[in-house]
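The values are calculated or read from the model by the stated rules, or taken from the named source; none is laboratory data. Everything numeric here is computed off the predicted structure, so don't read it as measured data. Cβ sites come from the backbone with ideal geometry, for glycine too, and all protein chains shown count toward neighbours. What goes into the accessible areas is simple: the full protein's heavy atoms, side chains included, and nothing from ligands, DNA or RNA. Shrake-Rupley method; radii C 1.70, N 1.55, O 1.52, S 1.80 Å.
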Amino acid sequence: MTHLGLYALQHRGQESAGIAVSDGEDVVCHKGMGHVNEVFNADVLDKLHGEIAIGHTRYSTAGETDLRNAQPLTVSCQKGQVALAHNGNLVNAAVIRRELESRGDIFQTTSDTEVLLHFFARSKQTGVPESLADALDRVTGAYSLVALFRDSVYGIRDPRGFRPLVLGQLGDSWVLASETCAFDLINALYVREVEPGEMVILDRRGITSLRYSPPARTAQCVFEHVYFSRPDSLVFGRSVQESREQLGRRLAREHPVEADCVVGVPDSGVPAALGFADESGIPLKLGLIRNHYVGRTFIEPTQANRDLGVKLKLNPVRSLIAGKRVVLVDDSIIRGTTSRQIVRLVREAGAREVHVRISCPPTISPCFYGIDTPTRRELIAATHTIEEIRQYIEADTLGYLSLEGLREAAGDCDDRYCLACYTSKYPTAVQEPLLALRNRG
Ligand code: AMP
Ligand code: SF4
């Protein structure tokens, strides 16, 4: 079931995958580089016996792309065997690590997650929940965690709740996942979110809930609703599809345009395009087709095939686009290179006008909480005006959703979202040395 759950969550990380299981005596872990179907086969799964398990798909925001950094991370310490899987990014990990290394600690990975295991093992507390709470007290940033011990699984969400973590039920058993789409695949029922600052313990006795940290002002990542999560999931208690459609509706009201068709950029731009089309009355056309079988490619773009990266993935449907005034809806512009190539593709297919609409505000700041964004310097909106971006991507017009529009469409009535990539107002102190640990940017 953990294996199936990982399939449903593959979009959250494609770099490596792993599962740790316990049969009540021993914790055994298998992990590898690549997609879930590359890492696991029937032989491997046969060797993973147990009654409880955790799994992880990794997408690196801290630490190199390397098998050593694949998760779950497993260690044996005086408190027993433990396997840990982390979604998010700790903002003070680099500083802590230097401190621990100067005292002689040895690290086996370059990932930020390992500092938690060090603090857990060193804690003067004897109980597992207390030792975990002790370790969590030392770190700042974004973490949704699942930890596996010999006879229990822990689910933990940081006090600000940056990343999602949900609790479900399957018969008499409890399950945890980043997104509810994993529950759908195994026919588990969604019960609730693990609350920010909550630790749930799942063992033979059932479920125990502890508050390891006082409530903080929440900072749930709004980008989960804009781009990262699957639209068929409930995230932060809200349907992602519903948010994206609303984003599109708001966008249509804020940036209306006379056009013949609305085309969403697959896959992430499509739900917002649906909302845009509904609100504006301009028909939605499936004018771009995505090839789902293109994995990582080793074809180096040359001058002659500069647009190959995008062309391998997306192809315009000429009969829908030729001679038309097209509204192209996408979820975000990061560096601007993709949008520029897509606008070119659509023009080459004969579009008369191309109007780009983006279902979030300009991305002006990097994320330090678990989304892989480049440095500020590489974010086109951090250094260019909207008019300059329009010229760069060669669009006839360009419109971004406003911050108010984003908050309203994502249901932010109580100020519960992190919006830092659009406002530069980070919910925690962001320590510069972290940059040294970031592998991109
Ligand atoms: P670009 O502007 O060329 O850097 O890329 C923008 C495209 O990348 C958009 O179509 C988004 O769907 C997608 N995107 C946005 N954020 C991310 C991210 N953190 N990781 C990967 N792709 C992203
Ligand atoms: Fe999400 Fe942006 Fe905040 Fe990062 S900075 S957690 S991407 S809203």
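Using the heavy atoms of the protein chains alone and a 1.4 angstrom probe, what is the accessible area of segment 129-172 per residue in square angstrom? Walk me through the intermediate numbers first.
Numbers: 1260 Å² over 44 residues.
Per residue, segment 129-172 has an accessible area of 29 Å².
With the crude spin-label approximation of a point 7 Å out along Cα→Cβ, what separation in nm comes out for Ile364 versus Cys413?
Using points 7 Å along Cα→Cβ, the separation is 2.9 nm.
Using modelled amide H (1.01 Å from N, peptide plane; none on Pro or chain starts), what sits under 5 Å from the amide H of His56, excluding residues fewer than 5 places away?
Answer set, sorted by chain and number: Gly18.
Take every DSSP beta bridge whose two residues both sit in the chain, then give the antiparallel share in percent to the nearest 5.
On the way: 54 of 71 bridges.
Percent antiparallel among DSSP bridges in the chain is about 75.
Starting from the Kirkwood Rh over alpha-carbon pairs, what translational D in µm² s⁻¹ does segment 238-415 have by Stokes-Einstein at 4 °C and 1.567 mPa s? Before the final figure, lay out the partial values.
Numbers: Rh = 16.6 Å.
This corresponds to a translational diffusion coefficient of 78 µm²/s.
Mind giving me the FRET efficiency for Asp172 and Arg150? R0 is 22 Å, r the Cβ-Cβ distance, nearest 0.05 is fine.
Using R0 = 22 Å, I get an efficiency of 0.65.
Can you give the calculated 222 nm mean residue ellipticity of the chain, where each DSSP H run of n ≥ 4 adds -39,500 (n - 2.57) and the sum is split over every residue, rounded to the nearest 500 deg cm²/dmol? Walk me through the numbers on the way to the answer.
Working: 17 runs with 125 residues, N = 441.
After summing the helix terms and dividing by residue count, I get -7500 deg cm²/dmol.
Taking a ≥ b ≥ c as the square roots of the Cα gyration tensor eigenvalues, with a/c under 1.5 meaning rounded and otherwise prolate when a/b beats b/c, else oblate, which class fits segment 153-229?
On the way: a/c = 3.17, a/b = 1.16, b/c = 2.74.
Note, shape of segment 153-229 comes out oblate.
Given +1 on the Cβ of Lys and Arg, -1 on the Cβ of Asp and Glu, and no further charges, what dipole in debye does the chain carry about its Cα centre, rounded to the nearest 20? Don't skip to the end; give the middle numbers.
Numbers: 50 positive and 55 negative charges, 166 e Å.
Roughly 800 debye, rounded to the nearest 20.
Using the heavy atoms of the protein chains and a 1.4 angstrom probe, tell me the accessible area per residue for segment 1-108 in square angstrom. Before the final figure, lay out each step's value.
Values: 4870 Å² over 108 residues.
Value for segment 1-108: 45 Å² per residue.
How long are the semi-axes of the equivalent ellipsoid of the chain, defined as square roots of 5 times the Cα gyration tensor eigenvalues? Whole Å, largest first. Walk me through the intermediate numbers first.
Working: eigenvalues 315, 99, 93 Å².
Square roots of five times the eigenvalues give 40, 22, 22 Å.
Quick one: Karplus J couplings for segment 59-73, per residue in order, coefficients 6.51, -1.76, 1.60, θ = phi - 60°, nearest Hz, x for Gly and Pro?
Whole-Hz 3J(HN,Hα) from phi for segment 59-73: 9, 8, 10, 9, x, 6, 7, 7, 4, 4, 8, 4, 10, x, 7.
How do the peptides 258-266, 139-147, 180-188 rank, highest first, by the average count of neighbouring beta carbon atoms within 10 Å per residue? Present the calculation step by step, with values, prior to reporting the outcome.
Details: 258-266: 22.1, 139-147: 24.0, 180-188: 19.4.
Most protected by this proxy first, the peptides run 139-147, 258-266, 180-188.
According to a simple spin-label model (label point 7 Å from Cα along Cα-to-Cβ), what is the distance in nm between Arg211 and Glu101?
In this crude label model, Glu101 to Arg211 measures out at 3.8 nm.
Below 14 angstrom from the Cβ of Leu286, what's the summed charge of the other residues (Lys, Arg +1; Asp, Glu -1)?
On the way: positive: Lys285, Arg290, Arg318, Lys324; negative: Asp267.
Overall, the nearby charge balance is +3.
Taking segment 314-441 as the region of interest, what is the percent of Cα-Cα pairs per 10 angstrom bin, listed from the shortest bin to the one with the maximum distance?
Answer for segment 314-441: a P(r) of 12, 37, 30, 17, 4, 0 percent.
Can you order the peptides 126-133, 108-115 by their average number of other Cβ atoms within 10 Å per residue, highest first?
Highest to lowest by the protection proxy: 108-115, 126-133.
Under the Karplus relation 6.51 cos²θ - 1.76 cosθ + 1.60, θ = phi - 60°, what is the ordered set of whole-Hz ³J(HN,Hα) values for segment 197-214, x standing for Gly and Pro?
For segment 197-214, the Karplus-derived couplings read x, 9, 10, 10, 10, 10, 8, 4, 7, x, 10, 10, 10, 10, 9, 8, 8, x Hz, x marking Gly and Pro.
To the nearest 0.05, how large is the calculated FRET efficiency for Glu394 and Ala429 if R₀ is 41 Å and r is the Cβ-Cβ distance?
Numbers: r = 40 Å, r/R0 = 0.97.
Rounded to the nearest 0.05, the efficiency is 0.55.
Sort the following peptides by mean Cβ neighbour count (other Cβ atoms within 10 Å, averaged over residues), highest first: 167-173, 214-220, 228-234. Show your work: numbers first, answer last.
Working: 167-173: 13.7, 214-220: 16.1, 228-234: 20.7.
Descending mean neighbour count gives 228-234, 214-220, 167-173.
Could you check the spin-label model distance between Ile386 and Arg238? Points 7 Å from the Cα along Cα→Cβ, value in nm.
2.2 nm
For the pair Thr65 and Asn291, what calculated FRET efficiency results from E = 1/(1 + (r/R0)^6), where r is the Cβ-Cβ distance and R0 = 30 Å, to the nearest 0.05? Each step should come with its number before you reach the end.
Details: r = 24 Å, r/R0 = 0.80.
After rounding, the FRET efficiency stands at 0.80.
So what J values fall out for segment 362-373 if you push phi through Karplus, 6.51 cos²θ - 1.76 cosθ + 1.60 with θ = phi - 60°, rounded to Hz, Gly and Pro as x?
Computed from phi, the couplings for segment 362-373 are x, 7, 10, 9, x, 9, 10, 10, x, 10, 7, 10 Hz.
Under a 1.4 Å probe, what is the accessible area of segment 238-415 per residue, stated in Å²?
Numbers: 8110 Å² over 178 residues.
Solvent-accessible surface per residue comes out at 46 Å².
Can you send over the carbon and sulfur percentage of the accessible area for the chain, probe radius 1.4 Å, protein chains only? Numbers along the way, then the final one.
On the way: 9580 of 19220 Å².
Heavy-atom surface of the chain belonging to carbon and sulfur, 1.4 Å probe: 50 percent.
Please list, ordered by chain and number, the residues whose modelled amide H lies under 5 Å from the amide H of Val262; skip anything fewer than 5 residues away on the same chain.
Amide H to amide H, under 5 Å and 5 or more residues apart or across chains, Val262 pairs with Leu284, Lys285, Val327.
With every atom except the alpha carbons ignored, what do you get for Rg and Dmax of segment 2-219, in angstroms?
In order Rg, Dmax, the Cα atoms of segment 2-219 give 16.1, 49 Å.
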